[in-house]
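Only one structure is covered here, and it is reproduced in the block below.
The values are calculated or read from the model by the stated rules, or taken from the named source; none is laboratory data. Remember, predicted model here, so these are calculated numbers, not experimental data. Cβ coordinates were reconstructed from backbone atoms using ideal geometry, including for glycine residues, and neighbour counts include every protein chain displayed. In case anyone asks, the SASA skips ligands and DNA or RNA and just uses the protein heavy atoms, side chains included. Shrake-Rupley method; radii C 1.70, N 1.55, O 1.52, S 1.80 Å.
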Amino acid sequence: MNHFVKLVSVLFLSLSFQVAQAEEQDPISKGSPLKVESLHRMPLQQYRSLRLQQHLKELAEERKRVLRSDVEVQDDRPTKYEAVVTYMEQLHAQYPEVTELFDLGLNDDNVMIKGIRIGSGSLNNLVVATHHGNEFGSTEVAKAFAASLAKEPLQDQSIFIIPVLNINGYNRNSRNETAKGVSYDANRDYDGPCVGGQHSHALNSTRLLAEFLEKKNIVSSMTLHTYFPAITYPWGVSSSTTKTDDHAFFQELVKFAATGNNYYLGTSTDVVYPADGTFEDFAYWKHGVWSLLYEIGTTHSPSPTAIEKVIRETLPGMRLVFKNSQLERSKNHGFKGSCNARIMSFDPHME
Ligand SMILES: [Zn+2]
């Protein structure tokens, strides 16, 4: 056995052990669909701990797949992203009066990031999905929401929907976006109160979205991810100060969002975990955008049936949030706490 083969074998053994350990403790993977559904009614702390175990197991499985996979085969079939663009074009063809495709701009691969605007009112709101390329369930929710709005637009509003922000991650089913050979977590690529001099907007996609908020005067936004299931609001930064001056308003707003589901509700730090450089905190902190984070469903790999279920669960609440949208941004959106580097180190990048 040469040195390399020996090393790979050790890696396999070690990963198998981790997976076996995770499986023993992990009711999420063992449960029936009904059990999985009931898990998010358990106390939040307990659910968070299970979710972290599940994440570690998935990471181990992903590493095994990478070790075993061959070089990617190129072919001429349309990419997964091209199929999303076709979907938007078809929706526009079906509802030409109330929809319009728009260009956000070119990403680092010179691919155009496209979206669809629905309605023509003067109040501009935003839905963006798939900052994380492996979270295709969120793209499906964005597409379904676009179709629902096209059928029945909201009065006096223009809703801009970007179903895929991280295009190369989406095509590869990979969380991170790559640019010039470097891999970035797109939802850690924004400025924020606790970013502390780190380089923001290494990616064109996040820079373009930040500019779009400003250019279009976006008032309310939803950023769609998988998998928790939770609907959260600022702050999500690494600080023990988790509440904004708008806390009471956000609490009321997410009650609309929770229509049709029983997702966990609260600030991102309190419900998920603190993470710096995220879009959702940036939008509120920088501009006072009423910014909600949707962590949809219980998996990054939902089946078609699970996708139908999360669409049923989230769409009524999304519509209600925008229907009750504020007409102006928050005026008291500054961060008044202090940042804590120790808290920052806990970010597991799984959401
Ligand atoms: Zn995500």
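Here are the numbers for the structure shown:
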read-out	value
Of all residues in the range 317-351 being small (Gly, Ala, Ser) and assigned to a loop (DSSP other than H, G, I, E, B), the one that is nearest to the ligand (Cβ to nearest atom)	Ser345
Ser183 assigned to a strand (DSSP E or B), surrounded by fewer than 17 Cβ atoms within 10 Å (Cβ to Cβ) and either small (Gly, Ala, Ser) or in contact with a helix residue (DSSP H, G or I) (Cβ under 9 Å, 6 or more places away or on another chain) (or both)	yes
Test: residue in the range 166-174 that is among the aromatic types (Phe, Trp, Tyr) and closer than 27 Å to Lys80 by Cβ	yes
Helices (runs of 4 or more DSSP H) within the range 208-290 that include 3 or more residues surrounded by fewer than 22 Cβ atoms within 10 Å (Cβ to Cβ) and without any contact (Cβ under 8 Å) to a residue 40 or more places away in the chain	247-257
Some residue of the range 217-225 being more than 27 Å from Phe136 (Cβ to Cβ) and modelled with pLDDT under 95	no
In the range 32-49, residue modelled with the lowest pLDDT [restricted to those that are under 21 Å from Ser303 (Cα atoms) and of a type in the set (A, V, I, L, M)]	Leu34
Residues within the range 186-196 that are surrounded by 20 or more Cβ atoms within 10 Å (Cβ to Cβ), of a type in the set (Gly, Ala, Ser) and over 19 Å from Asp103 (Cβ atoms), tallied	1
Subset of the range 82-97 [open to solvent by less than 60 Å² (accessible area, probe 1.4 Å) and not in a helix (DSSP H, G or I)]	Tyr95
All positions within the range 134-160 that are of a type in the set (S, T, N, Q) and part of a strand (DSSP E or B)	Gln157, Ser158
Count - residues of the range 119-167 that are more than 16 Å from the ligand (Cβ to nearest atom) and touching a strand residue (DSSP E or B) at 6+ places or on another chain (Cβ under 7 Å)	18
Those residues of the range 161-178 which are assigned to a strand (DSSP E or B), farther than 30 Å from Asn340 by Cβ and open to solvent by less than 10 Å² (accessible area, probe 1.4 Å), in sequence order	Ile161, Ile162
